[in-house]
Every structure is written in C-alpha cells, then in structure tokens.
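Please read the structure below before turning to the comments.
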Amino acid sequence: MKIAFVGKGGSGKTTLSSLFIRHLAAGRVPVIAVDADINQHLGAALGLDEAEAAGLPAMGGHLPLIKDYLRGRNPRIPSAETMIKTTPPGDGSRLLRVGGDNPVYDACARTVPLDGGSVRLMATGPFTESDLGVACYHSKVGAVELCLNHLVDGRGEYVVVDMTAGSDSFASGMFTRFDMTFLVAEPTRKGIAVYRQYKEYARDFGIALKVVGNKVQGPDDLAFLRSEVGDDLLVTVGHSDWVRAMEKGRPDRFDRLEEDNRRALEALHTAADASYERRDWERYTRQMVHFHLKNAESWGNAKTGADLAAQVDPAFTLFEGAATPQPA
C-alpha cells in the first residue's frame, strides 16, 4: 500500500508519519519510508541522530542510476537521459518491489532498526546551497515519483511518504500515486485551508483522502474539525508525552506510547489496509500516462530533445503481478 502524509508546515505530518511507520514496523509489516519533504526531518523522527540523518544518501543525487536501472530493456526508452520524473514503465522496464534487493535500494536506502522491527528509509535529500537560484525542489522529488511509477506492491506491504508541505505536491502528478492520503490538520483556519485545497485538487482524480486532526485539546477543537471536514475526519490526536520525550532525544519504548494515540494509529492502519479493495491499476496507469504527456508537452520534450510521448507503451498496464525482466 502506498500512503502519503500531507499537511501545512508545522501541522505535525512528519511526527504522525513517523509514528505510523513505527506502528507498522512494530507489527513486522514490511515498510519503505520516504522523506520527500524539503525539510528533511523524518530520519530524526525515526530516532536517527543528527550525523546519521545527515548521512542518508540523497535519491536526487542518484537519479542517473535510478533511471538507468528502471528503464531496463524497454525499447521505447533508448537512454536514461531521455527519462523524466513522470516516465511510465512499459514492456522491458524494471520494476521495484517493497521486498528484495536491487541497485536502487543499495544506493538510496538505509535500514533503520525500530522497536520490534526495522524499516528501509529513503530520502530525496535536502535543498543545498548549490541548488539556490538554479534548481527547484521538485527536481529532487522527481526521483521519488519515478520510483513510485515503477513500484508494484501488494497487501501487507507499505510505502509511507512524508510529502512536501502545503499544496506543493500538486506541482506534479505524484499526488495520484497513493492508495490513501492522510492529511494532518490542526483545528485552525490555516489547517483547514490546506484540506480544502487538497479536496478540490483531488476531486477529479479519485484520491482517497482522510483527515487526521492533530493537536486537538478538547471538545471545541473536535467540534471545529467535524464542522469543517465532515466525514473526512478519520481520527484525532492530542498531546503526547511520548512524542515530546522523543523530540528531546529521549525516546521511550514504542509500546509505551499513550493508549489513545496507539488506537489512533490502529485506525490509520485499518483505513489504509481497507483501501486495497479499491485499487484500480488501469486508472493508476492511465493517470500516470496523463501526467507524463502533460509534462512532456510543457517542458520535457524541450529539455531532452526527444518526443517523450513515444515512451508510452499503450499495451502496458502496471499491476501487482507484473514481472521484472532479468538483466541480460
């Protein structure tokens, strides 16, 4: 299952995504965690110290390797240089799976041990001084989108992505890559404004969206969220001494997280798992192609000097049992 955590800056989406990742790992669920936010804090939220978090390999720095591996023997993609972030897979492409090993994971993923289990952690990489004035952060997030386009995952497998803040994730088609999107919202007008943007943008694409109310301190906060988001409100989370200790660098065992917050994580897991029944691989592939053609026409063809529409394999549909060709 592909799960996104979104919300305005400061809403607590990184904290909530890290807690959900810990919840899955504690249940021995296979998990790939991806930090796709411009502020790279997921590693620290999962218990890495400052040096360990800074030492995570940047997916954006390995983009040529990622492209070359994923294109495989796809005859429609003659070189990695002609691939862009939205390039879809086709016959001959290599696909990623949550389990197993491959050169992409070898270069970009690190195993993080957690209470009761472990996760593979990947990160886009921070926006560096050399990027200022010459690059946009979406070029780094493009590595994540390309990997999601080539990922086949099944029930009981999870990819959890801590997304960019606000509505920035709508700058590409990546918002359509998820089985479930959890929007973390504070009980404030600004928090609800981000929800309304997501709801409007996602409406035409069949995006499954649920709201996680965070920093809810009493009945008035709860009533406010219910009045503003209605049935989209899945669960609320309040103050956590466990989280506060973790943020101070003194994490306790995860099984000592407050009971109310543990139940909230179980509700997220149940909702995410239920989204499996609504999977539509044909729509998923169709949306992938839609955004690729838009990007090709608006900037991709000019940048690569190629007709990127020719990369689309009309006979190919990504699906759970799709095979990955072995290297020659």
Report, in debye and to the nearest 20, how large the dipole of the stretch 1-126 comes out about its Cα centre when Lys and Arg carry +1 and Asp and Glu carry -1 on their Cβ. 540 debye
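Could you tell me whether the stretch 236-303 comes out rounded, prolate or oblate from its Cα gyration tensor? Rule is a ≥ b ≥ c as square roots of the eigenvalues, rounded for a/c under 1.5, then prolate if a/b exceeds b/c, otherwise oblate.
Oblate, because a/c is 1.5 or more while a/b does not exceed b/c.
Name the trypsin sites (Lys or Arg not before Pro) in the stretch 145-204 that are in a loop by DSSP and that have at most 15 other C-beta atoms within 10 Å, would you? Present the calculation step by step, with values, prior to reporting the outcome.
Working: sites: Arg155, Arg177, Arg189, Lys190, Arg196, Lys199, Arg203; in loops: Arg155, Arg177.
Hits after loop and neighbour filter: Arg155.
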Pair Arg196, Arg278: separation of 7 Å Cα→Cβ label points (nm): 2.3 nm
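What's the extension gain from Asn301 to Ser227 if we count 0.36 nm per residue and subtract their Cα-Cα distance? Mind showing how you got there, number by number?
On the way: separation 74, 0.36 × 74 = 26.64 nm, distance 4.60 nm.
Difference between extended and current length: 22.0 nm.
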What is the angle, in °, between the Cα long axis of helix 13-26 and the longest principal axis of the Cα atoms in the chain? Nearest 10 is fine, range 0 to 90. 90 degrees
How tilted is helix 281-295 with respect to the longest principal axis of the chain? Cα atoms for both, answer in degrees (0 to 90, nearest 10). 70 degrees
Answer in debye to the nearest 20: the dipole magnitude of the stretch 243-311 about its Cα centre, from +1 Lys/Arg and -1 Asp/Glu charges placed on Cβ, is 240 debye
The base-10 log of I(q)/I(0) that the Debye equation returns for the stretch 178-269 at q = 0.14, 0.17, 0.24 Å⁻¹, one scatterer per C-alpha, is -0.56, -0.78, -1.20
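Which translational diffusion coefficient, to the nearest whole µm²/s, is obtained for the chain from the Stokes-Einstein equation, given a Kirkwood hydrodynamic radius over C-alpha pairs, 20 °C and 1.002 mPa s? Before the final figure, lay out each step's value.
Details: Rh = 20.2 Å.
Here the translational diffusion coefficient equals 106 µm²/s.
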Got the relative contact order for the stretch 220-280 handy, in percent, Cα pairs under 8 Å and 6 or more residues apart? 30 percent
Return the carbon/sulfur percentage of the accessible area of the chain, one whole number, probe 1.4 Å, all protein chains in place. 50 percent
Debye equation applied to the C-alpha atoms of the stretch 209-328, log10 I(q)/I(0) at 0.11, 0.14 Å⁻¹: -0.72, -0.86
Gyration tensor (alpha-carbon) shape descriptor, the stretch 271-328, a/c threshold 1.5: oblate
Can you give me the angle between helix 259-274 and the longest principal axis of the chain, using Cα atoms only, in degrees from 0 to 90, rounded to the nearest 10? 30 degrees
Using alpha carbons only, how many angstrom separate the centre of the stretch 269-306 from the centre of the stretch 1-44? 22 Å
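The values are calculated or read from the model by the stated rules, or taken from the named source; none is laboratory data. Here the structure is a predicted model, which means the values were calculated and not measured. Don't worry about glycine lacking a Cβ; one is built from the backbone with ideal geometry, like all the others, and counts go over all protein chains shown. For the accessible areas, the whole protein counts, side chains as well, though only heavy atoms, and no ligand, DNA or RNA atoms are used. Shrake-Rupley method; radii C 1.70, N 1.55, O 1.52, S 1.80 Å.
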